[in-house]
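Undergrad: The structure follows.
The values are calculated or read from the model by the stated rules, or taken from the named source; none is laboratory data. Predicted model only: the values in this text are computed from it and were never measured. We place every Cβ from the backbone using ideal geometry, glycine too, and count neighbours over all the protein chains shown. All accessible areas refer to the heavy atoms of the entire protein, side chains included, with ligands and DNA or RNA removed. Shrake-Rupley method; radii C 1.70, N 1.55, O 1.52, S 1.80 Å.
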Number of protein chains: 2
Amino acid sequence: MTFKLDEFLPYRLSVAAAQISRRFASIYAAEAGLTIPEWRVLAHLAQSAEVSVRDIQARVNLDKSMVSRAATQLEEEGYVSKSGHGTDRRLIVLQLTPKGIALMQRLAPLAEQFQQQILTELGPDAEALARALDRLAQKNA
Amino acid sequence: MTFKLDEFLPYRLSVAAAQISRRFASIYAAEAGLTIPEWRVLAHLAQSAEVSVRDIQARVNLDKSMVSRAATQLEEEGYVSKSGHGTDRRLIVLQLTPKGIALMQRLAPLAEQFQQQILTELGPDAEALARALDRLAQKNA
DNA sequence: CTCATACCGTTGCATATGCAACGAATGTGC
DNA sequence: GCACATTCGTTGCATATGCAACGGTATGAG
């Protein structure tokens, strides 16, 4: 039996990602009581202004039901507003409220700081990791 | 608002890992009807001979309840045997049955082939990615 | 020896997740 | 203009997941 799980790339990638997600999740959970899907939707809106549920779903690798529920939750908490699209009434336009913008301004530095810490841990291989993730994202598009 | 989710490392790592896991999961699901925890337990036993639930839990970043359920399922399917530990009767010794070994001999080449495909997609950055994952694993130990 | 404490694996339970179906709306072929 | 297929977001539901508590066992202090 020659197979070594410890040397299997998909496995190691999965473990590393889960651990890092968990570490960071504890940060924004403590700071704002957000779940992972909520954080992603919020952060995506911060970079994309006005988007539909479908736009987020496509980019974030999150089921649309999850995006929908996260958006509803964020709306109830006052961070996000939902409005109808002008010409296509199937679409919903999501955007941050002032309160949502304020929250992101509080969270962005924490995210930046966390990322910086990871980059430091990675050292010289950080750049190659970034390129590798780009390649994987493209191949799975 | 300057935060860019697309450039946020934890997020990109998580998306990439989820996509790859999903791709590979479809392979062993089709081949043997295994779930992700089952695959991990099986693969871990393939490299570690006799281990307890706790050993697996510690290495695989999987809740012990999940390991326990996966082990029970694998036992029912005849891939794994459970036996009592000689001196410490709290422990359970898990090991592959001949049927389990045969299954791993069938799956290992598929895993190898899949990994090879990923490495090809990654190109020259594959090595750096491996080193980066090593560093992350150490930091989170 | 005895009691308190810690550990192991299992199980119950509340929550999270993903798939499928649905109503509403739009687009398409004829 | 009209059926028919497709898309959007929501919701129902079955399953997966993670935490906490439990019974059983071992360990350590006194």
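Undergrad: So what's the angle, to the nearest 10 degrees on a 0 to 90 scale, between helix A:126-139 and the longest Cα principal axis of chain A?
TA: For A:126-139 against chain A, the angle is about 60 degrees.
Undergrad: Another question, if that's okay. Can you bin chain A into rounded, prolate or oblate? Criterion: square roots of the alpha carbon gyration tensor eigenvalues sorted a ≥ b ≥ c, rounded for a/c under 1.5, prolate for a/b above b/c, oblate for the rest.
TA: Prolate, because a/c is 1.5 or more and a/b exceeds b/c.
Undergrad: Here is a further query. As I understand it, the dipole of the range B:27-123 uses +1 on the Cβ of Lys and Arg and -1 on the Cβ of Asp and Glu, about the Cα centre. Which of B:Gly86, B:Leu122, B:Gln47 lies farthest toward its positive end?
TA: Of the listed residues, the answer is B:Gly86.
Undergrad: A follow-up question, please. Normalised by the number of residues in chain B, what is the relative contact order in percent for Cα pairs under 8 Å and 6+ residues apart?
TA: Averaging sequence separation for qualifying contacts and normalising by length gives 19 percent for chain B.
Undergrad: So what's the back-of-envelope 222 nm ellipticity for chain A, counting only DSSP H runs of four-plus at -39500 (n - 2.57) apiece and dividing by all residues, rounded to 500?
TA: Result for chain A, helices only: -23000 deg cm²/dmol.
Undergrad: What angle do you read, to the nearest 10 degrees and between 0 and 90, between the alpha-carbon axis of helix B:64-76 and the longest principal axis of chain B?
TA: Tilt of helix B:64-76: around 60 degrees.
Undergrad: Another question, if that's okay. Whole Å is fine, so just give me how far the alpha carbon centre of the range B:27-70 lies from that of the range A:1-37.
TA: 17
Undergrad: Further, regarding this structure: Counting only heavy atoms of protein chains, what accessible area per residue, in Å², does chain A have with a probe of 1.4 Å?
TA: That works out to 51 Å² for each residue.
Undergrad: Additional query: If I ignore ligands, DNA and RNA and count only protein heavy atoms, how much of B:Glu76 is accessible to a 1.4 Å probe, in Å² to the nearest 10?
TA: Approximately 140 Å² of B:Glu76 is accessible to the 1.4 Å probe.
Undergrad: In debye, nearest 20: dipole of the range B:42-88 around its Cα centre with unit charges on the Cβ of K, R (+) and D, E (-)?
TA: The dipole of the range B:42-88 has a size of about 160 debye.
Undergrad: Now for a different question. Just checking the output field for B:19-29: average partner chain Cβ neighbours within 10 Å of each residue's Cβ?
TA: Counting other chains' Cβ atoms within 10 Å and averaging over B:19-29 gives 3.
Undergrad: Continuing with the same structure: On average, how many beta carbons from a partner chain sit within 10 Å of the beta carbon of a residue in A:110-119?
TA: Partner Cβ neighbours, averaged per residue: 3.
Undergrad: I would also like to ask the following. Among the lysines in the protein assembly as shown, how many pairs, 8 or more places apart or on different chains, have alpha carbons under 23 Å apart?
TA: For the protein assembly as shown, qualifying lysine pairs total 14.
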